[in-house]
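The values are calculated or read from the model by the stated rules, or taken from the named source; none is laboratory data. Only a predicted model underlies this, so the values are computations on that prediction, with no experimental measurement involved. FYI the Cβ positions are ideal-geometry reconstructions off the backbone, even for glycines, and counts take in every protein chain you see.
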């Protein structure tokens, strides 16, 4: 990987997260190239990371051993079809981190003989705590899969999906998931303040409690049900709170919300990938 030229099309937050992680993992900054139309953004990236930047997408693509498409889904069709001539000669491995664009659409726009890996990251990737899903069909070699995984692991965990339809479920879980937790934490903070805690105290208690619970779940050999039961004493305060959640059908509400997110992901895939 250290000898490969990694070219990014788009220099936004997710590209920055990947670049930061890759450099920390030992990828030489001079091997990273970003095509970004905004001059100020190019200057910021070059100053922060010591990487090369250009304004023209095709100029970057022509040099790439591995190309990372980091543009908004709505712009990807136009960007990808314009890049196809530059990719035809070298045929680099291409990674797309655009939500909702299916592999068949990417393959059609970039070229049928271009190896393409679809990636769904999430926003905690920006602090190297991401959870990303990857999908590739059989024409992507084991070496190319390893290269794609190495890049994505620079921002957190990377999990391969067995079929592309699972990408919609993953979007509902990890792609949208941070917002669910932010909403629940926000509700806890508001309730804590109503119960008499100060604003700063309520905020810090909620954040540290969420962090502690997540770390316990990650580091424990017990499953989530066992961890929940270990905190829930019969007749105690936790039991009363959980009973209230269950009375108001929290589990069914979560399932309904995640199903709605999954269905929206499917609908967006169909509309964004259309000719």
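Quick look at the numbers
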{"quantity": "Residues within segment 175-184 that are closer than 11 Å to residue 257 by Cβ and buried (at least 18 other Cβ atoms within 10 Å of the Cβ), tallied", "calculated": "2"}
{"quantity": "All positions within segment 18-56 that are outside any loop (DSSP other than H, G, I, E, B), more than 25 Å from residue 149 (Cβ to Cβ) and in contact with a strand residue (DSSP E or B) (Cβ under 7 Å, 6 or more places away or on another chain)", "calculated": "42, 46, 53, 54"}
{"quantity": "Flag if residue 242 is within 21 Å of residue 174 (Cα to Cα) and assigned to a helix (DSSP H, G or I)", "calculated": "no"}
{"quantity": "Residue among 100, 10, 21 that alone is surrounded by fewer than 22 Cβ atoms within 10 Å (Cβ to Cβ) and under 18 Å from the mean Cα position of the chain (by Cα)", "calculated": "21"}
{"quantity": "Residue 89 surrounded by fewer than 19 Cβ atoms within 10 Å (Cβ to Cβ) and either touching a residue at least 40 places away in the same chain (Cβ under 8 Å) or under 29 Å from residue 172 (Cα atoms) (or both)", "calculated": "no"}
{"quantity": "Whichever residue in segment 124-158 is surrounded by fewer than 14 Cβ atoms within 10 Å (Cβ to Cβ) and farther than 24 Å from residue 5 by Cβ and, among such residues, is modelled with the lowest pLDDT", "calculated": "138"}
{"quantity": "The listed residue being surrounded by 13 or more Cβ atoms within 10 Å (Cβ to Cβ) and either touching a strand residue (DSSP E or B) at 6+ places or on another chain (Cβ under 9 Å) or part of a helix (DSSP H, G or I) (or both), out of 172, 214, 187", "calculated": "172"}
{"quantity": "Failed item in (1) more than 23 Å from residue 124 (Cβ to Cβ); (2) over 21 Å from the mean Cα position of the chain (by Cα); (3) loosely packed, with under 14 Cβ neighbours inside 10 Å, with residue 270 passing the rest", "calculated": "(2)"}
{"quantity": "Segment 95-133: number of residues that are out of contact with any strand residue (DSSP E or B) (no Cβ under 7 Å at 6 or more places or on another chain) and within 21 Å of residue 162 (Cβ to Cβ)", "calculated": "5"}
{"quantity": "Those residues of segment 191-200 which are assigned to a helix (DSSP H, G or I) and either out of contact with any helix residue (DSSP H, G or I) (no Cβ under 9 Å at 6 or more places or on another chain) or loosely packed, with under 13 Cβ neighbours inside 10 Å (or both), in sequence order", "calculated": "191, 194, 199, 200"}
{"quantity": "Yes/no for residue 69 being closer than 23 Å to residue 118 by Cβ, in contact with a helix residue (DSSP H, G or I) (Cβ under 6 Å, 6 or more places away or on another chain) and either in the same structural domain as residue 124 (by TED's automatic domain parsing) or without any contact (Cβ under 8 Å) to a residue 24 or more places away in the chain (or both)", "calculated": "no"}
{"quantity": "Residue 264 free of Cβ contacts under 8 Å to residues at least 60 places away in the same chain, in a helix (DSSP H, G or I) and surrounded by 15 or more Cβ atoms within 10 Å (Cβ to Cβ)", "calculated": "yes"}
{"quantity": "Tally, over segment 48-59, of residues that are without any contact (Cβ under 8 Å) to a residue 40 or more places away in the chain and touching a helix residue (DSSP H, G or I) at 6+ places or on another chain (Cβ under 6 Å)", "calculated": "5"}
{"quantity": "Residue satisfying condition, being touching a helix residue (DSSP H, G or I) at 6+ places or on another chain (Cβ under 9 Å), closer than 28 Å to residue 138 by Cβ and either at pLDDT 95 or above or not assigned by TED's automatic domain parsing to the domain that holds residue 145 (or both), within set 33, 45, 83", "calculated": "83"}
{"quantity": "Near pairs, Cβ below 8 angstrom, 6+ apart or cross-chain, from segment 212-228 (under 22 Å from residue 185 (Cβ atoms)) to any residue that is at pLDDT below 95", "calculated": "none"}
